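Undergrad: The structure is given below, and queries will be raised subsequently.
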Amino acid sequence: MRKWGKAAIFLVLAATSGGRAFAQGGGAEAIREPGSSTQSKSPSAEAVPRIDERTALMVGARRLKLGVLFFEYGVTEHLSVGTQPVGWAVRAFAPVLAPNLNVKFQFVDRDPVWLSAMVAGYYGNISNGKVSGEVLIAPISLFASVRPVRRLYLHAEGTYVFARAFGDGDLSQAQVGGTLVARAVQTQLMAEVRVLQWLSLIALGRGQPYTSPIRASGTSQIDPYTTASVDAELAPKIEHPWVIAGGVALLFPHVRLTVGAGYGTYFVPGMDVPLQQRGFVPDGSLAVLFTP
Amino acid sequence: MTAPACVGAMRRWALVVAATAAGCGPGTLTLPESPKAEETAALIAVYDMPTAVLDIDRARQVASDAQARLADLNVDWFPALVSDALARARRRLLDSGLPDDPAAPAEESHPLVRAVVEVRRICPGWDDPAGPPDATMNGDVELTAIVDAGRLERELWGVASGCRLLHPAAAGSAVVVGPTDHPALKAFVDGTLIVYALAPLPDVPAAGQFFVSFEGTIGVSGATRSVGFDFEYLAGTVKFRVPVPSGGDAIVTVGPTIAIQGANGGFSCDLATLTCQ
């Protein structure tokens, strides 16, 4: 029960932090007014906030974003570093710690096209005193954002989730809220309609066309007379999870809020691991931005 | 960059990408096949539905044969040896968050787990000197369990290699085999065993419930010989199969009386007089 308790706590934290399905209304970078001229070389100096999570857009230079999903700091206009607080906060409730870090780099910034890449790393210790093991998760994402018409943004994403287990450990901890940490390829397409300067309607679809099970193995000594080894493979029950969702994003200069709902499989934010059941997917997020 | 160089670079990148997509980790786990699965299933079926047709006279003969076989084999230490290995396997399964009950369904909302669990238990030996156990001298028992689709497979199997133990165990021994109220015998076992779990793996050896089929060499007090036998152990009660000359098998349970189950009914026979009813 203790093991599943950890997983449940992980799930609750992930759920309350909101799915990333709607880009979490996270930090936004200011942009030109829609319809204005292109060549946005210094977007943070401008006025209209934009969604910067799960898109090719950036948080902005020297901006600090504190959200329930992500903490992020813009080192420059095109480089930011961040972490997911959920992975750290769970330590207060269970002996599970998931130190994590992400780096995002924008390599094309030519309104109406933006391209960026993000690499994240999550580490989990799944030892339980008698057996030892670790799990490493490293989502690698490419983002493309375009603005084909004045009030419409399209955000595309391709992510490869690298996952590797070391040792064996308590295999029930190699999952988050009942979902498995596995190697996978995921894609997402999000359409954002800017209704007002501070209000966007969002619709998205996310899927996982490729999934690979992970292996874990190790040997332990039970007592002076007994040694035992485990060679295990964990595979997700839903091989190709997907979700479709809709919602609204409130994009104020210093506060971001999104709410929404959808149907499909809930993808745990950040780690990009899908739950093992399909159904109603609630969503919501809150973030605050600090600007020097 | 020239065209061939460009193609070469693209190929190298393609290899890198392919290796990354493959995960750069170990390949798919191949679960070993349970040995003698069909034979084991057939034997289990006999224990569930004995095939011998019995009457009073045949039941008396079965009781006599059963007594003779028990005295001949002298393996009342054997169930606890198996049960002890199962208890260790259970502990290892639980340590890794794996199921210990073959009847328990896989968690509906959890990933599918496939696993091979191998337990190596060094036997206690005949003299159990101080210090770490001597695997070379004492022999060992290796047991393999399989978890497939999140469920523990009922069939486990193992190999006993030159396993030496005392019956009953010496005081303070790590493995206590059987009752301790009579002089110790030096037991020896070497061979293959198939174990079929009839209940969750035991937390203590006495709680084991399983079927065992063994082929190999056993010895008690220096007399070794090749044997093959099977029995069911149900938390202290032993059932074993006795072939009936007229055809089929009867299942015998030894307790205060000898209970014999045939295809057409059961009989109870007195241990001393072998009178049955």
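The values are calculated or read from the model by the stated rules, or taken from the named source; none is laboratory data. Note that the structure is a prediction, hence the values are computed from the model and not measured. Methodologically, a virtual Cβ is constructed for each residue, glycine included, from the backbone with ideal geometry; neighbour enumeration extends over all protein chains shown. Just the protein is used for accessible areas: all its heavy atoms, side chains included, with ligands, DNA and RNA removed. Shrake-Rupley method; radii C 1.70, N 1.55, O 1.52, S 1.80 Å.
Undergrad: Can you give the accessible area buried between chains A and B, summed over both chains, with a 1.4 Å probe, in Å² to the nearest 100? Don't jump to the answer; show the numbers that get you there.
TA: Values: alone 12410 and 14710 Å², together 23830 Å².
Chains A and B together bury roughly 3300 Å² of accessible area.
Undergrad: Which aspartates and glutamates, if any, have their Cα less than 20 Å from the Cα of residue B:186, not counting same-chain residues under 8 positions apart?
TA: B:72, B:76, B:84, B:127, B:128, B:134, B:140, B:215
Undergrad: May I ask you to derive the FRET efficiency for residue B:72 and residue A:277 from their Cβ-Cβ distance with R0 = 60 Å, giving the value to the nearest 0.05? All intermediate terms of the calculation are to be shown ahead of the outcome.
TA: Numbers: r = 57 Å, r/R0 = 0.95.
Using R0 = 60 Å, I get an efficiency of 0.55.
Undergrad: Taking amide hydrogens as modeled 1.01 Å from N in the peptide plane, which residues meet the under 5 Å criterion relative to residue B:248, leaving out close sequence neighbours?
TA: none
Undergrad: Of all the accessible heavy-atom surface of region A:181-272, with the other protein chains kept in place and a 1.4 Å probe, what percent is carbon and sulfur?
TA: So the carbon and sulfur contribution to the accessible surface is 71 percent.
Undergrad: Could you state how much accessible area residue A:110 has, in square angstrom rounded to the nearest 10, with a 1.4 Å probe and all protein chains kept in place?
TA: 120
Undergrad: Could you report the accessible area of residue B:47 in Å², rounded to 10, computed with a 1.4 Å probe on the protein chains as they sit in the structure?
TA: 20
Undergrad: If I ignore ligands, DNA and RNA and count only protein heavy atoms, how much of residue B:190 is accessible to a 1.4 Å probe, in Å² to the nearest 10?
TA: Here the residue's solvent-accessible area equals roughly 60 Å².
Undergrad: So between residue A:146 and residue A:210, what do we pick up on full extension, going 0.36 nm a residue minus the alpha carbon distance? List each step's numbers first, then the result.
TA: Numbers: separation 64, 0.36 × 64 = 23.04 nm, distance 2.56 nm.
Length difference between fully extended and current span is 20.5 nm.
Undergrad: What is the calculated FRET efficiency for residue B:270 to residue A:219, with r their C-beta to C-beta distance and R₀ = 56 Å, to the nearest 0.05?
TA: Numbers: r = 52 Å, r/R0 = 0.92.
Rounded to the nearest 0.05, the efficiency is 0.60.
Undergrad: Between beta-carbons, use under 11 Å as the cut-off and find the net charge around residue A:292, counting Lys and Arg +1, Asp and Glu -1.
TA: Numbers: positive: A:62, A:63; negative: none.
For residues surrounding residue A:292, the net value is +2.
Undergrad: Could I ask something else about it? In what order, largest first, do A:77, B:142, A:192, B:38 sit by accessible area if the probe radius is 1.4 Å? Intermediate results must be reported in sequence, preceding the final value.
TA: Numbers: A:77 30, B:142 90, A:192 0, B:38 155 Å².
Accessible-area ranking of A:77, B:142, A:192, B:38, largest first: B:38, B:142, A:77, A:192.
Undergrad: Please report, in debye to the nearest 20, how large the charge dipole of region A:188-292 is about its Cα centre when each Lys and Arg carries +1 at its beta carbon and each Asp and Glu carries -1 there. Mind dumping the intermediate values first?
TA: Working: 6 positive and 7 negative charges, 83 e Å.
Dipole size: approximately 400 debye.
Undergrad: Once both labels are modelled 7 Å past Cα along the beta-carbon direction, what's the residue A:195-residue B:31 spacing in nm?
TA: Placing both labels 7 Å beyond Cα along the Cβ direction yields 5.1 nm.
Undergrad: Using a 1.4 angstrom probe on the protein heavy atoms only, line up A:242, B:77 by accessible area, largest first. Write down the numbers at each step before the final one.
TA: Numbers: A:242 95, B:77 0 Å².
Descending order: A:242, B:77.
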